[in-house]
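Read through the structure below, which is laid out as structure tokens, and then see the notes.
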């Protein structure tokens, strides 16, 4: 069955996943997308987006290991690759931008047309994109069934926070303003830079033990 990791490990995963999702970056997009909709539609869309993100990340936690085995990819390689993706996302966040790792220019134009419901591309791939999926797979590989349950609980917690922020987006946006939202995104980006470098360093040490002096 495996054992639960230390509370610090789960806290680290919650903080990392929150930084990767960056709900504050999604606030202005959600506001623009739902500006002409009623309160009930906004609440429903916030719920659908949050549930979609939870399902995608939950699926990554459950099926990430079989996928890695099937593709012949090692966890250290995923740490290095995933860390690089996080670093690219973090650098864009430091400029208060979504970045093309989250959303390409074509996806941004399609979202601006109002044709899409917001689940695509807001929930996937902007929120539950390569960075969030990679982070979840890495975290889920560290233990057995009990640990996996802990990871799923963490995902549910982060998605609950995401739901609260999206549900309150029309109240948050005018109070924080563009500058406030950008500052929040930059702070999360700075945190994500450190997490990305640490993830890559851990992966490099496992791939090349000589770097760790072993």
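Read-outs: derived from the displayed coordinates by stated rules, not from any lab. Because the structure is predicted, anything quoted here is derived from the model rather than measured. Here the Cβ positions follow ideal geometry from the backbone for every residue, glycine too, while neighbour counts run over all protein chains shown.
Data overview
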| quantity | calculated |
| --- | --- |
| Cα shape, the chain, gyration tensor, a/c 1.5 rule | prolate |
| Value at 222 nm in deg cm²/dmol, rounded to 500, when DSSP H runs of n ≥ 4 in the chain each add -39,500 (n - 2.57) | -26000 deg cm²/dmol |
| For the chain, built as a Gaussian network whose Cα springs stay under 10 Å, the top-fluctuating residue of 178, 52, 71 | 71 |
| Cα-projected label distance for residue 65 with residue 179, points at 7 Å along beta-carbon direction, nm | 5.0 nm |
| Efficiency of FRET between residue 170 and residue 4 - r from beta-carbon atoms, R0 41 angstrom, step 0.05 | 0.60 |
| Region 10-76 - Rg and Dmax from Cα coordinates, angstrom | 16.1, 48 |
| Separation of the residue 106 and residue 194 label points, Cα + 7 Å toward Cβ, nm | 3.8 nm |
| Separation of the residue 95 and residue 149 label points, Cα + 7 Å toward Cβ, nm | 4.5 nm |
| Segments 202-208, 125-131, 191-197 sorted - mean Cβ within 10 Å per residue, highest first | 125-131, 191-197, 202-208 |
| Mean separation of Cα contacts under 8 Å (6+ apart) over length of region 1-153, as relative contact order % | 48 percent |
